[in-house]
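Structure first, commentary second.
The values are calculated or read from the model by the stated rules, or taken from the named source; none is laboratory data. Given the structure is predicted, the values throughout are model-derived calculations rather than measurements. For neighbour counting, all protein chains shown are included, and Cβ atoms are generated from backbone atoms with ideal geometry for every residue, glycine included.
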Amino acid sequence: MDSDDDGLAETRTEMAAGARAWDWDDDGNFDRLVAVMYGKEMMNETSSGIFQQTNTAVWLLEVADWNSDGSPNTIHAVTGFESAWDNNSDGVSDTSFNRFNGWFGQDADHDGYWERQVFVRFTKSVSDDDADGELEGVSEEYLIHLKHSSPLGMSHEWFLYSSSSKFNVSVDGIAWYENNTVAAYETWNNSQAQETHARIAWSESLDAGRDGSKEYEASGYRDNRVSE
């Protein structure tokens, strides 16, 4: 779309989609289905043909029905998204935001209940708004969540979360301030009791001169099985 008719596109959009299905026993129920969708949008074209912002998204889906009863036994679902900004129109993104999500479920005994579920998430953002090579901020997050369960309830569960943040990062990669956190727990039950183990660790530092010599550092650790 070039709404002002200046030869430069305000937006350009690309889309693609595809799916494939198999019915190996010819009973009318899909035994396996794979679907893919892709989307991309570019905005604010410059005279050099470079777009200042790009949004990209991808979706993937796989479904399997092992016994061909019309109910899925495994599902894989993945989504991905990214926004990127080229603030000085040199063809390289300076500011970006990424996100990824994935989920897997399995019903191995065909009872309609997911015995195993896995969830994964990843998020990252980078900010260099003035495109000078020094980053105003960088952050990354990771999350992994697993569950084993039955119709009677949860039997085993794991969780892991990690985050890292940096602010005012020099071109040499030295941050003025940095913070890191990791949290994890595991919980399970049986016919007698339920038990949970949880841990968290964190650290932060300050390097006012961004010269590699930190003026402040601190860290901590907690464990629910250890009394303070």
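Can you pull out the residues in region 54-74 that are at pLDDT below 90 and acidic (Asp, Glu)? Answer for region 54-74, where residues must be at pLDDT below 90 and acidic (Asp, Glu): just Asp69. Given the structure, is Glu204 free of Cβ contacts under 8 Å to residues at least 40 places away in the same chain and over 29 Å from Trp103 (Cα atoms)? So Glu204 passes the test. If you filter region 207-221 down to residues that are in contact (Cβ under 8 Å) with a residue 24 or more places away in the chain and surrounded by 10 or more Cβ atoms within 10 Å (Cβ to Cβ), you find that the one that is farthest from Ser163 (Cα to Cα) is Asp211. Just to be sure, is Val92 touching a Phe, Trp or Tyr at 6+ places or on another chain (Cβ under 9 Å) and among the β-branched types (Val, Ile, Thr)? Criteria not met by Val92. In region 7-24, the residue that is surrounded by the most Cβ atoms within 10 Å (Cβ to Cβ) out of those that are hydrophobic (A, V, I, L, M, F, W, C) and assigned to a loop (DSSP other than H, G, I, E, B) is Ala9.
Consider Val78 carefully, then state whether it is hydrophobic (A, V, I, L, M, F, W, C) and either in contact with a helix residue (DSSP H, G or I) (Cβ under 9 Å, 6 or more places away or on another chain) or at pLDDT 95 or above (or both). Yes: the conditions hold for Val78.
Taken together, Asp27, Asp31, Asp4 contain a single residue that is surrounded by fewer than 15 Cβ atoms within 10 Å (Cβ to Cβ), touching a Ser or Thr at 6+ places or on another chain (Cβ under 9 Å), assigned by TED's automatic domain parsing to the domain that holds Trp103 and not hydrophobic (A, V, I, L, M, F, W, C), which is Asp27.
Remark: pairs (first residue in region 1-15, among the acidic types (Asp, Glu); second residue surrounded by 12 or more Cβ atoms within 10 Å (Cβ to Cβ); Cβ separation under 6 Å; 6+ apart in sequence or on different chains) = Asp2/Ala9; Glu14/Lys40.
Among the residues making up region 56-85, those that are free of Cβ contacts under 8 Å to residues at least 40 places away in the same chain and of a type outside the set (A, V, I, L, M, F, W, C) are Thr56, Glu62, Asp65, Pro72, Asn73, Thr74, His76, Thr79, Gly80, Glu82, Ser83. Just one of the listed residues (Glu136, Glu178, Glu186) is farther than 30 Å from Ala77 by Cα and either touching a helix residue (DSSP H, G or I) at 6+ places or on another chain (Cβ under 8 Å) or surrounded by fewer than 16 Cβ atoms within 10 Å (Cβ to Cβ) (or both), and it is Glu136. A residue that is over 23 Å from the mean Cα position of the chain (by Cα) and under 30 Å from Ser150 (Cα atoms) occurs somewhere in region 174-187. Consider region 63-116 and keep the residues that are aliphatic (A, V, I, L, M) and under 25 Å from His148 (Cβ atoms). The one that is nearest to the chain's Cα centre (by Cα) is Val78.
If the condition is being outside any strand (DSSP E or B) and under 30 Å from Asp4 (Cα atoms), then region 25-53 contributes Thr46, Ser47, Ser48, Gly49, Ile50.
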